[in-house]
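Worksheet: the structure to be examined is printed underneath.
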Amino acid sequence: MAGATDLLVHWPIRPEAQDKTYLDLSAISELRPFRWTDVSLHIGALTTYWDILRDPQTRAEFPLLHEAARQVGAIQIQSRGTWAGNIANGSPAADGVPVLLAYDASVVLTSMAGSREIPLREYYTGYRNSVRRSDELITSIILPRRRYDFSVFHKVGARRAQAITKVGIAVTREAGARAANPWRVVASSVAATVRRCPAIEAFLASGALVRVPSDFFASIDADIRPIDDIRSTASYRRTVLARLLYHSLRGVSATVV
Amino acid sequence: MNSNAAHKPVCAESDAITIAFTLNGKSHTAKVAPGERLLDTLRYGLALTGTKEGCGEGECGACTVLLDGLPANSCLVPAFQVRGRDVRTIESIPAERLGPLLESGATQCGACTPGVVMTAAWIRDHRSELQSFTTRALMAGNLCRCTGYDGIIDGLERWIASESGGRS
């Protein structure tokens, strides 16, 4: 455990928690907070939302980290919650994970046997399941330093502050011709995990004109599978996702008019 | 609100952890259970009942304390994690310093007030660092069901003006 903000919500009355062993990482200074290299930003496992929020350089280079961090609860959670914990908790409604995915982050998993680096887009295998073995810790998150000419993060909740996401998006467009498709589109709370949306990305790169939000439905339906739950309905989520994409990208992408 | 089951130690007495930390400026030691919340250590272990429990799940901010100078929900802090760290509670703030907050209708039933004051104290002491945030955004983690918030925001602004960044 690091900031324990997810863990202690039902603590210690959640029955299954009684049988688990938790390892406190909070005093391991090697895991905090973050460092830069020429090509990447390494976010240590104990880096909190507030650590990022108070740093001007990350705001300049990775503005979506700030957008998301500002919307994770309020200062009481931002001061304690960690980016790595947001990944480890595995909620499909996570707010940190979408922007990390939109920046093509990798996760460093470390065990006694050594370290391995896994692309975040390949990390989750299902609802709250991942490729992380039980003997592995997330020790850092690596963001490649690339140029982006557009980025946006939106979170729709029941109210502006202190709400859990009903539908969220994080979108980036990489500047220059490094990648065949410069778009990265990530959706949250609309599938079993936060997820990259390759069909929507391909649709944006295809040159097809988008004149109304519903033009996104075919690619949305190829990428995500929203459900009805305590916070919203599948139909609302699908509709709002299309509108978020349309209104965020209108005028930004030449094909969204 | 969490049931009282949350307050029951989940370990034998022999599993208790002794921690040393700074509490309201003084060195303290406490024996805590591994599953104990800082909120319970403060209220039940140390009889500092100024810190209130509201939701018990990190939403309402009634239990806000300053942990190494930053606001944190003490209901979500495992007590053992404050080992070697600095904890400040509402008891560290003299009541006579709260005049402008109280005169502006910032408090009615009072349940949220200790948490509101702790977040407000942090904002007051870090004005320059927090310039890119609105006061309302900074106070978003402290829910109040009485005042409609205007009294809290007005009182906070007056409090800051009256103390002009001084520490209490």
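The values are calculated or read from the model by the stated rules, or taken from the named source; none is laboratory data. Everything numeric in this text was worked out from a predicted model, so none of it was measured. Counting neighbours? That spans all protein chains shown, and the Cβs are built from the backbone with ideal geometry, glycine included.
Scanning segment B:97-149 for residues that are free of Cβ contacts under 8 Å to residues at least 12 places away in the same chain and of a type in the set (D, E, K, R) yields one hit, B:Glu129. For segment A:115-141, which positions are more than 14 Å from A:Leu31 (Cβ to Cβ) and of a type in the set (A, V, I, L, M)? Selection gives A:Ile118, A:Leu120, A:Val131.
Of all the residues in segment B:8-27, those that are at pLDDT below 95 and either within 15 Å of B:Arg88 (Cα to Cα) or in a loop (DSSP other than H, G, I, E, B) (or both) number 6. All conditions in (1) in contact with a helix residue (DSSP H, G or I) (Cβ under 6 Å, 6 or more places away or on another chain); (2) crowded, with 19+ Cβ neighbours inside 10 Å hold for A:Asn181, with the sole exception of (2).
How do the pairs read when you match residues in segment A:105-128 that are farther than 19 Å from A:Val39 by Cβ with residues anywhere that are among the small types (Gly, Ala, Ser) and not in a strand (DSSP E or B), using Cβ under 7 Å and keeping only pairs 6 or more apart or on different chains? Every condition considered, the pairs that remain are A:Tyr124/A:Gly90; A:Gly126/A:Ala192; A:Tyr127/A:Ala192; A:Arg128/A:Gly90. Taken over segment A:142-166, the criterion of being farther than 24 Å from B:Asn142 by Cα and either without any contact (Cβ under 8 Å) to a residue 24 or more places away in the chain or not basic (Lys, Arg) (or both) is satisfied by A:Ile142, A:Leu143, A:Pro144, A:Tyr148, A:Asp149, A:Phe150, A:Ser151, A:Val152, A:Phe153. Filter segment A:198-249 down to the residues that are among the basic types (Lys, Arg) and assigned to a helix (DSSP H, G or I), then identify the one that is surrounded by the fewest Cβ atoms within 10 Å (Cβ to Cβ). Selected residue: A:Arg243.
Taking the criterion of being at pLDDT 95 or above and either among the charged types (D, E, K, R) or outside the structural domain of A:Arg184 (by TED's automatic domain parsing) (or both), the residues of segment A:197-228 that qualify are A:Glu201, A:Arg211, A:Asp215, A:Asp221, A:Asp223. If you go through segment A:32-50 and keep only what is in contact with a strand residue (DSSP E or B) (Cβ under 7 Å, 6 or more places away or on another chain) and either modelled with pLDDT of 95 or more or closer than 14 Å to A:Gly96 by Cα (or both), you end up with A:Arg35, A:Val39, A:Ser40, A:Leu41, A:His42, A:Ile43, A:Gly44, A:Ala45, A:Leu46, A:Thr47, A:Thr48, A:Trp50.
A:Thr5 meets the conditions (1) crowded, with 24+ Cβ neighbours inside 10 Å; (2) not in a loop (DSSP other than H, G, I, E, B) in every case but one. The failed one is (2). From the set of residues in segment B:59-83 that are in a loop (DSSP other than H, G, I, E, B) and surrounded by 24 or more Cβ atoms within 10 Å (Cβ to Cβ), which is farthest from the other protein chains (Cβ to nearest Cβ)? The selected residue is B:Ala62.
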